[in-house]
Amino acid sequence: MAFILHVNGRPHRVEADGETPLLWVIREWLGLTGTKYGCGIAQCGACTVHVDGQPMRSCSTPVSMVAGSDITTIEGVAGPEAEAIRKAWVARDVPQCGFCQSGQIMSAVALLRTSPAPTDGDIDMAMSGNICRCATYTRIRAAIHDAAAAAAGTPAA
């Protein structure tokens, strides 16, 4: 079947079986390899993308379910929250191996867009579906707090 996918602001016509995971379409057909394959069962968060602004696991999302939706990958995420998250990630030296980071960043950006001043509980809830094998969770939480402060125009703690 043919599907029109709007990825990072551009339409793409894709010929695929409707049950093909969005992750494979993004990586193999569109060549956007920033979104990672981790577990294949939507448990690790490495494959997180935004679909109509909401974080979604692309490894378990059939392409037929998102046809016509606005899909954003790590390559296309932009805006003040994304910029603040990127800067905070660098300042806090969050990544170690880096494998999970695109999914972590996508979840963090979505969090700041819905909760501009998240509590530790908000962060823990929003990030709970993202596994970091290097266990940089305290740096991730601190970076999200820093990014929230920067986006609000207040100094970080």
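Heavy-atom accessible area, probed at 1.4 angstrom with all protein chains present, ranks 59, 134 as 134, 59, highest first. Gyration tensor over the Cα atoms of the range 1-82: the corresponding equivalent ellipsoid has semi-axes (square roots of 5 times the eigenvalues, largest first) of 18, 16, 11 Å. Over the chain, with a Gaussian network built from C-alpha contacts below 10 Å, which listed residue (94, 49, 14) shows the highest mean-square fluctuation? Of 94, 49, 14, the Gaussian network model singles out 14 as fluctuating most. Amide H to amide H, with H built 1.01 Å from N, residue 70 comes under 5 Å of 52, counting only residues 5 or more places away or on other chains. A Förster radius of 22 Å, combined with the Cβ-Cβ distance separating residue 138 from residue 41, puts the computed FRET efficiency at roughly 0.25.
Extents of the range 105-157, largest first, come to 32, 20, 18 Å (Cα atoms, principal axes, whole angstrom). For residue 17 and residue 93, a Förster radius of 35 Å and the Cβ-Cβ distance give a FRET efficiency of 0.25, rounded to the nearest 0.05. For the range 51-149, the orientation-averaged shadow of the C-alpha convex hull comes to 6.2 nm² (one quarter of the hull surface).
The values are calculated or read from the model by the stated rules, or taken from the named source; none is laboratory data. Fair warning: this is a prediction, and the values are worked out from it, not measured in the lab. FYI the Cβ positions are ideal-geometry reconstructions off the backbone, even for glycines, and counts take in every protein chain you see. Please note that ligands, DNA and RNA were not included when accessible areas were found on the heavy atoms of the full protein model with its side chains. Shrake-Rupley method; radii C 1.70, N 1.55, O 1.52, S 1.80 Å.
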